[in-house]
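*Asks:* Mind having a look at this structure? Questions to follow.
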Amino acid sequence: MPVPLRQSVRVGTYLMKQKLARREKFPLLVELEPLFQCNLACSFCGKIQHPEHILKQRMPVEQAIGAIEECGAPMVSIAGGEPLIHPEIDVIVNELLKRKKFVFLCTNAILMKKKLDDFKPSPYFTWVVHLDGLRERHDRFVEREGIFDKAVEAIGEAKARGFRVGTNTTFLNTDTPEAVREVLDYLNDELGVDTIQISPAYAYEKAPDQEHFPGVEQTRRLFSAAFANGGRKKWRLNHSPLYLDFLEGKVDYQCTPWGIPSYSLFGWQRPCYLMADGYAKTYKELIETTDWEKYGRGRDPRCENCMAHCGYEPTAVMDTSRSLKQSLRAIVGS
């Protein structure tokens, strides 16, 4: 089940309400960052390059919940940093679940097994573990040995306790179609996770390693070869069919940065999770005072090689909702 039917129905109903209200810009999912601190220091990450006094800050529960209630998004992805470092992360999750939000808790899994007792299985809750390849590749990616085995052990324990577990894998310009298929086969068939999320790496300006971010044409070649002959249907990929078409180069889109906005310790981030051109205090201010037309491929050089799901998945979802054929295609996939 790439996208649970319950989630598909909720999102479909939400989209219909926005259309009836003639609302042009609205959030599908919020990237909530209640802290920036992490227990890893990966060279491809642009989120942990803050001063020490910023890394020590933790978002209060009331602030986190208030931001989600204000914007009204049906889904929340809690990222960071490493969210499990936050002392009240379980409280934030439980408060969102009370409000029937679909919550995706992203983690590198170092603390996951230890923290499982703080959470309860729910159809609205999914652990999302970063697994960037098989053992050798993943441990090299996160620059610490033993993290792959720790993550696999935590996933197994979570599944045994009845939790829904997904993974998130980032691909670089050094990856091959064979490597993509190998890791997806492992996650899908051997590890047996419920959903698999994939994304080409985004070239964070502050990331120490700037040599291994893929360009658009390279990304298209990688995924079109990896998905050749309809092979992508065998994996439980947590993406809309049109976004996967986009990765293969079958369709092209502009991004929809307001569809998955980011809320962090600094406020609502302009224009998206991957770029920080200032912050707004409220979602309304973010929408009304951001010059959205200046972002995207062909408009901002920083966007030229971006094909990340946080910008293009909302575009694919909007396109799906406008087509009966594509809507049926997405429902069948669910």
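*Asks:* Is the shape of the range 188-307 best called rounded, prolate or oblate, per the rule: a/c under 1.5 gives rounded, else a/b larger than b/c gives prolate, else oblate, with a ≥ b ≥ c the square roots of the Cα gyration tensor eigenvalues?
*Replies:* prolate
*Asks:* Between residue 120 and residue 322, with labels modelled 7 Å along Cα→Cβ, what's the label distance in nm to one decimal, could you check?
*Replies:* With each label placed 7 Å out from Cα toward Cβ, I get 4.3 nm.
*Asks:* Can you pull the one-decimal nm distance between simple spin-label points at residue 61 and residue 252, each 7 Å off the Cα toward Cβ?
*Replies:* For the pair residue 61/residue 252, the computed spacing is 4.9 nm.
*Asks:* Still on this structure, please answer the following. Using a 1.4 Å probe on the protein chains only, how many percent of the accessible area of the chain belongs to carbon and sulfur?
*Replies:* About 51 percent, which is the carbon plus sulfur part of the accessible surface.
*Asks:* Once you sort the root eigenvalues of the Cα gyration tensor of the range 60-123 as a ≥ b ≥ c, which label holds: rounded (a/c under 1.5), prolate (a/b larger than b/c) or oblate (the other case)?
*Replies:* Prolate is the answer for the range 60-123, as a/c is 1.5 or above and a/b outweighs b/c.
*Asks:* Taking the DSSP beta bridges in the chain as the whole, what percent of them are antiparallel, to the nearest 5?
*Replies:* Taking every DSSP beta bridge with both residues in the chain, the antiparallel ones total about 20 percent.
*Asks:* Which net charge results when you count Lys and Arg as +1 and Asp and Glu as -1 among the other residues whose beta-carbon is under 14 Å from that of residue 15?
*Replies:* Cβ neighbours under 14 Å give a net charge of +4.
*Asks:* So for the range 95-186, averaging the separation of alpha carbon pairs under 8 Å that are six or more residues apart and normalising by length, what relative contact order in percent results?
*Replies:* 31
*Asks:* Looking at this model, which pairs from 114/159; 100/120; 19/294; 98/120; 25/284 are more than 18 angstrom apart at the alpha-carbon?
*Replies:* Flagged as over cut-off: 19/294.
*Asks:* To continue, here is another question. Dipole size in debye (nearest 20) for the chain around its Cα centre, Lys and Arg Cβ +1, Asp and Glu Cβ -1?
*Replies:* So the dipole magnitude of the chain works out to roughly 1340 debye.
*Asks:* For the range 97-145, what are the per-bin percents of Cα-Cα distances with bins 5 Å wide, up to the bin holding the maximum?
*Replies:* Spelled out bin by bin, the range 97-145 gives 5, 17, 23, 20, 14, 12, 6, 3, 0 percent.
*Asks:* Continuing with the same structure: Please list 3J(HN,Hα) in residue order for the range 72-86, calculated via the Karplus relation 6.51 cos²θ - 1.76 cosθ + 1.60 where θ = phi - 60°; whole Hz, with x for glycine and proline.
*Replies:* Using θ = phi - 60°, the values come out as x, 4, x, 10, 9, 10, 9, 10, x, x, 10, x, 5, 6, 5 Hz.
*Asks:* Could you work out, for the range 1-130, what percent of all Cα-Cα pairs fall into each 10 Å distance bin, beginning at 0 Å and stopping at the bin that holds the largest distance?
*Replies:* Percent of pairs per bin, in order: 11, 41, 33, 13, 2.
*Asks:* Residue by residue through the range 218-223, which ³J(HN,Hα) values in whole Hz follow from phi under the Karplus form 6.51 cos²θ - 1.76 cosθ + 1.60 (θ = phi - 60°), with glycine and proline marked x?
*Replies:* Per-residue couplings from phi come out as 5, 4, 4, 5, 4, 7 Hz.
*Asks:* To the nearest Å, what is the center-to-center distance of the range 89-141 and the range 216-259, using C-alpha atoms only?
*Replies:* 25
*Asks:* Counting only heavy atoms of the protein chains, get the accessible area per residue of the chain (1.4 Å probe) and round it to a whole Å² value.
*Replies:* Computed with neighbouring chains in place, this is 44 Å² per residue.
*Asks:* From the convex hull of the Cα coordinates of the chain, what is the mean projected area in square nanometres?
*Replies:* So the Cα hull casts an average projection of 15.5 nm².
*Asks:* Return a whole-number percent for the relative contact order of the chain, with Cα pairs under 8 Å and 6 or more residues apart as the contact set.
*Replies:* Over the chain, the number comes to 20 percent.
*Asks:* First check a/c for the range 245-322, with a ≥ b ≥ c the square roots of the eigenvalues of its C-alpha gyration tensor; if it is under 1.5, answer rounded, and if not, answer prolate when a/b is larger than b/c or oblate otherwise.
*Replies:* Prolate.
*Asks:* Report the dimensions of the range 86-208 along its three principal axes from the alpha-carbon atoms, largest first, rounded to Å.
*Replies:* 42, 35, 25
*Asks:* Can you find, among 258, 16, 275, the residue sitting farthest towards the positive end of the charge dipole of the chain, where Lys and Arg contribute +1 and Asp and Glu -1 at Cβ?
*Replies:* Sorting the options by dipole projection puts first 16.
*Asks:* Per residue and in Å³, how big is the convex hull formed by the alpha-carbon atoms of the range 237-276?
*Replies:* 88
*Asks:* Here's a follow-up. Obtain the nm distance between the two label points defined at residue 19 and residue 291 by a simple spin-label model: each point lies 7 Å from its Cα along the Cα-to-C-beta direction.
*Replies:* Each label point lies 7 Å from its Cα, and together they span 3.3 nm.
*Asks:* Counting Lys +1, Arg +1, Asp -1, Glu -1, what net charge surrounds residue 268 among other residues with beta carbon under 9 Å of its beta carbon?
*Replies:* Computed value for this residue: +1.
The values are calculated or read from the model by the stated rules, or taken from the named source; none is laboratory data. All of these numbers come straight from a predicted model, not from anything done at the bench. Reconstructed Cβ throughout: ideal geometry from the backbone, glycine too, with neighbour counts over all protein chains shown. Quick note on the areas: whole protein, heavy atoms, side chains included, nothing else; ligands and nucleic acids left out. Shrake-Rupley method; radii C 1.70, N 1.55, O 1.52, S 1.80 Å.
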